[in-house]
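Colleague: One structure, pasted below without further comment.
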Amino acid sequence: MIRRLTTEKVANLAVAAVLALVPFHAFLTIFGAKLAGHYTLLRLWDDVLLLLVFGIAVYWLARDKALRGWFFGSLLVRLIAIYCFLTLLLGVIALLRGEVVWKALSYGVLVNLRFLVWFLAVLLTAGRSNWLRTHWQKLVMIPAALVVVFATLQYTVLPHNFLSHFGYNADTNVAPIETINHNSRYIRVQSFLRGANPLGAYLVVILSVLTVFFVRGKRRILVAVFGLAALFALFATGSRSAWIGTAISLAIVLWFSLKTQRSKIVAAGSVLALLLVAAGLLFVFRNNTAVQNSLLHTQNGSKIVSSNDAHADATESGVKDVLKQPLGDGPGTAGPASVYNSGHNGRIAEDYYVQIAQEVGWLGLVLFVSIVVLVAMELLGAAGGSRLGLALLASLIGVSFVNVLSHAWTDDTLAYLWWGLAGIALGGTPSQRTNNRGVKTP
């Protein structure tokens, strides 16, 4: 009994540490490397904690027959296992063919699979203890407040090179500030995260949680103030994919809060009217310099290729790769990991789904989408009675859109935060804690 309680406490503390610290992952690793070196090694601190929690979860499975029966009888678990096996198999084949080097392969496998393994490990942890379900709000929202405050300061009063004092460098790790189309008049803040787009994707989750708190009557004044600050930080990222992802997510939360069919019809009509007005205003002011830079990311007369053109070209190239190699070229041959694939050209499609298809083929893409759909279905079942379940369902749909325009799931912060919270939400539902014979698992 003492050993069981000890493993539960260790797992809970490890999960809590990741959830609380991962929003500061980039800052901690860059500043730590400035002080002590070993930048690459420091970046792996959250992955080390993942191994710890995963090892404890394996120990629980080995000791508990009822838990094994539920766990390995789950379709979701089996799909994740098949996806992991396919990824590793194609990685070995790519390595033997000389299509990927060790560094790119290992990094590709890590970023593609870690959040799914993390999800399962946290799922088992939350299934054995209520501690994470009673503390997740503080673990998530206190760090989020710090991230939002710093993003606001970064956009309003701090000098653009402020983070360079902590080791940020565009040539060696992360730029201290981002701009739109290389125009220093239009900055994009990243706060403590690795970039403006990762910050935007992170705020999709935070704003979804805040909106659920507001509509379900939890400290509305405080939540409203926090939400407005977070919306300002979201605007300051200049991440259009995150803006749209947030709009989708918040619309889903509000839809669930409507009780009558009439109110839903009125809401749908209002949203449609707003979209038409926004489209009309965008058309009217399409030649305005501020609109071109802030919203369209284009500027008449610029000789630099706009981010829109670069994204379209990258995605088109990725789709062509998938059509030529429908079975995939293996992990590490595309996406952020491919920049380490020395001797081969890096392939950044700027679309996570295209990246997955490039690496593990159409079969891998179907498996991954199926995993996401199954998780969404579980969250849908939990959304009625769980604030966290509803926030995660809405943000999953919003973030899934963000992944169409970026490699959002490869970012440490979003991957560990969202999938860790999903493990907490689903680890506490009756359907997850009961096996097919109606026996409750610990």
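Colleague: What number comes out for the charge environment of ASN173, summing +1 per Lys or Arg and -1 per Asp or Glu over other residues with Cβ under 10 Å away?
Modeller: +2
Colleague: For the range 101-218, what are the per-bin percents of Cα-Cα distances with bins 5 Å wide, up to the bin holding the maximum?
Modeller: That works out to 2, 9, 13, 16, 16, 16, 13, 10, 4, 1, 0, in percent per bin.
Colleague: Let me have the 222 nm mean residue ellipticity of the chain computed from DSSP H runs of 4+ only, each contributing -39500 (n - 2.57), with the sum over all residues rounded to the nearest 500.
Modeller: After summing the helix terms and dividing by the residues of the chain, the value is -23500 deg cm²/dmol.
Colleague: Checking the a/c ratio against 1.5 first, then a/b against b/c, what shape does the Cα gyration tensor give for the range 2-433?
Modeller: Since a/c stays below 1.5, the shape of the range 2-433 is classed as rounded.
Colleague: I've got another one for you. So, by mean Cβ neighbours within 10 angstrom, what's the order for 391-401, 80-90, 252-262 with the highest one leading?
Modeller: Top to bottom by mean Cβ count within 10 Å: 391-401, 80-90, 252-262.
Colleague: Sticking with this one: What list do you get for PHE226, PHE162 if you sort them by fewest beta carbons within 10 Å?
Modeller: By the 10 Å Cβ count, ascending, the order reads PHE162, PHE226.
Colleague: While we're looking at this one, here's another question. Take each complete run of DSSP H in the chain, measure how far its Cα atoms stretch along the helix's own axis, and keep only those covering 30 Å or more with mean Kyte-Doolittle hydropathy at least 0.5; list them.
Modeller: Those that clear 30 Å and a mean of 0.5 are 75-96, 102-128, 131-156, 261-284, 352-383.
Colleague: For the range 192-265, count the residues as N, evaluate 2.2 N^0.38 Å, and divide the Cα radius of gyration by that value, please.
Modeller: The range 192-265 yields a ratio of 1.17.
Colleague: Using Cα-Cα distances under 8 Å and only pairs 6 or more residues apart, what relative contact order does the chain have, in percent?
Modeller: Once divided by the residue count of the chain, the mean separation gives 25 percent.
Colleague: Efficiency by 1/(1 + (r/R0)^6): what FRET value for THR172 and LEU228, r their Cβ-Cβ distance, R0 = 30 Å, to the nearest 0.05?
Modeller: Between THR172 and LEU228 the formula returns 0.25.
Colleague: Same structure again: Kindly state, to the nearest 0.05, the FRET efficiency for ASP313 paired with TYR59, given R0 = 41 Å and r defined as their beta-carbon distance.
Modeller: Working from the Cβ atoms, E equals 0.25.
Colleague: Right, here's the next one. Take HIS311, HIS407 and order them by how many other Cβ atoms sit within 10 Å, fewest up front.
Modeller: So the ranking, lowest neighbour count to highest, is HIS311, HIS407.
Colleague: Could you please rank ASP321, ASP171, placing first whichever residue has the fewest other Cβ atoms within 10 Å of its Cβ?
Modeller: ASP171, ASP321
Colleague: What residue among ARG219, ARG114, ARG128 shows peak mean-square fluctuation when the chain is described by a Gaussian network model with Cα springs under 10 Å?
Modeller: Result for the chain, Cα springs under 10 Å: ARG219 fluctuates most.
Rule-based calculations on the coordinates, nothing more; no lab input. Here the structure is a predicted model, which is why all the values come from computation and not from measurement. Positions of Cβ are generated from backbone atoms using ideal geometry, with glycine treated the same way; all protein chains shown enter the neighbour counts.
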